[in-house]
Amino acid sequence: MEEVNSEYQVHSYGGEKWRDSRATDYLSPDFGCHQDDIPNEGFLFSKYQLKEQQEEKILDYELLNDTRVDIDSPPLETCLEEIAKLGEIPPVISDVEAKKKKGCPISLAALELLKNYGGGVKKMKGERVKEPCNDKTSNEANKLSTDEILRIAGTRFIQSSSQPADHVPSMLSHPFESSFYGLSYEESKDVELVELLLSCAEKVGCEQFERGSKLLNQCYQLCSNSGNPVQRVVHYFCEALRERIDKETGRNIALSSLTQQQFDPDKAMMTLNAQHYAFHQEVPFSQLSLFAGLQAIIENVAEAKKIHIIDLGIRSGLQWTVLMQALASSHESQLELLKITALGTTSKHLIEETGERLSSFAKTMNIPLSFKILMVSDMSHLIEDLFELDADEKVAVYSSFLLRRFLSEPDQLESVMNVIRSLNPCVMVVIEVEANHNSPFFVNRFIEALFYYGALFDCLETFMKRDDENRMISESLYFGQGIRNIVATEGKQRKIRHVTIDVWRSFFARFGMEGAELSSSSLYQAKLIIQKFSCEASCALDVNAKCLIVRWKGTPILSLSVWKFVKY
């Protein structure tokens, strides 16, 4: 925590103060940047954009809280449809009959589902050629990404689905097949590992727990929490499958799993711990969303003398140190008061510590700061009168990975949004995970989560060493907890219910909210961060109906959107 990144400095608090020497350069109300000034190559959209999910897309908010148990779902058909969506090629046969005890016959046309499995990778007569790129994320030109491994494994899973039950052909015993894909020995092992995992998930989805356990034991022999990204992500999906099997069969859950279940990632993020700090410093997503989002707030409150920020989940408060530096550096600022209201339901002492840090930092910046804590036992108890609003202040609402927590509690989410609408903020910035982990069908969620977390593990491989302690803790506690919750739980226990920006857009429309265009300066902030991390070939920016989508090697990771309330 004492270490300082040369470009973005954050000290742990004690006698030290947070300080960001570059924030004033990144965030300036008078940035002077126009769309024409931004090089086009900085905004290359991924050519592997996901198709609109016609069957999974939820237009009615009531379906956001779908807690149905999925034991009667058609698992193999669902799996094939989900893989098809990820591969951007629609299934040719939509009425494939799934059978629980026998293999399901699959059309040969399904082999084409994942033919375009990698960004810039071409298959021809056993040779693989990757398009040239100069950034540091392409330093191993002939190495397949985790996403590409998953797509190949998905293709082979479809091929082998017509084979007898529990039959998983080995690439290692068929070198010709391996050379056809142009795979190395390690990549062949990784493909086989993922195929085993998919077969195991299918058996679990069909409630064939004994067969699933046998396949799971084979996976355990090949995966590792300290190996390459494929081996690591499979390891945590294996743990989640084991927990689901144990729950369904009444077996005792391992003590380690119980301990991990008690870990609360959201509570842990309320302090600037070593893992949070390392992820922020070494991986681009946190800084990218922070700087681009704060730029949108600054542009909407730049001329205000009194600014009121309502943070729905303040966590460590790091984002507001950056905002204060940007405001302090503006020569046009006539700021008389910056008010921050932190909304919370638990851990008031941690929010108080955050307030103390921010107050100390504000003094160093000569910023007049008023920090208020608004605690409610339940978000359904939130009312407008609890906020101390002044008639001459501009209100901005900031929500970073917060609204997703209430998808399993729709009444609370409705209450929050109704109160926000009554506050009439000039802008609301929302940052959320861009994935569909809310399907009532187990296999659907499994496939979506596998590709999403596979991209995250791939990203950590790029920026952090394999034996990095912070990386291993982050994967085990933060990512591992998310995987377990998505895969091993159902009903109200399933708290991780990410939905896509299309679902959020339909939901926000009910409250008179319209998406606002991201300015060229906000987009420029995002582009600067990508350049700073030298990951232009892997980290792509996409604009979906005014919302910014951040992708890693084609897989959507997060969305950043700006909203305003329409006055009728």
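The values are calculated or read from the model by the stated rules, or taken from the named source; none is laboratory data. On a predicted model such as this, the values are computed, not experimentally measured, just so you know. Reconstructed Cβ throughout: ideal geometry from the backbone, glycine too, with neighbour counts over all protein chains shown. Ligands, DNA and RNA are stripped out before the accessible areas are found, and what is left, the full protein with its side chains, is counted by its heavy atoms. Shrake-Rupley method; radii C 1.70, N 1.55, O 1.52, S 1.80 Å.
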Taking 0.36 nm per residue of separation and subtracting the Cα-Cα distance, what length does fully extending Lys247 through Asn366 add?
37.3 nm
Could you put Tyr185, Tyr478, Tyr453 in order of accessible surface area, largest first, with the 1.4 Å probe and the full protein assembly present?
Tyr185, Tyr478, Tyr453
Just to confirm a number: summing +1 for Lys and Arg and -1 for Asp and Glu over residues other than Glu475 whose beta-carbon lies under 14 angstrom from that of Glu475, what do you get?
-2
Obtain the nm distance between the two label points defined at Val543 and Glu409 by a simple spin-label model: each point lies 7 Å from its Cα along the Cα-to-C-beta direction.
3.7
Å² of accessible area per residue within the stretch 432-568, as computed with a 1.4 Å probe and no ligands counted:
29
Go ahead and run the numbers for FRET between Thr345 and Glu210, Cβ-Cβ distance against an R0 of 45 Å, rounding to 0.05.
0.60
Per-residue SASA entry for Lys267, accessible area with 1.4 Å probe, Å² rounded to 10
100
Starting from the Cα-Cα distance between Glu517 and Arg466, subtract it from 0.36 nm times their residue separation and give me the gain in nm to one decimal.
14.4 nm
Long-range lysine pairs (8 or more apart or interchain), the stretch 186-343, Cα under 25 Å
8
When only the heavy atoms of the protein chains count and the probe is 1.4 Å, how do Met365, Met375 rank by accessible area, highest first?
Met375, Met365
Alpha carbon centroid spacing (whole Å) that separates the stretch 178-247 from the stretch 289-344:
45
Using the beta-carbon distance between Glu303 and Val566 and R0 = 22 Å, what value does 1/(1 + (r/R0)^6) give for FRET efficiency, to the nearest 0.05?
0.50
Quick one: how many Å² of Thr321 are accessible to a 1.4 Å probe, rounded to 10?
0
Protection proxy ranking of 411-423, 514-526 - average other beta-carbon atoms within 10 Å, highest first:
514-526, 411-423
For the stretch 187-321, the per residue accessible area (1.4 Å probe, Å²) is 32
Roll a 1.4 angstrom probe over the protein heavy atoms and tell me the percent of accessible area of the stretch 291-403 that is carbon or sulfur.
43
Sorted by accessible surface (1.4 Å probe, heavy atoms of the protein chains only), largest first, Thr271, Thr364, Thr146 come out as Thr364, Thr271, Thr146
How big is the gap, in Å, between the Cα center of the stretch 389-446 and the Cα center of the stretch 452-482?
26
With label points built 7 Å along Cα→Cβ from the Cα atoms of Ala328 and Leu374, find their separation and express it in nm.
2.7
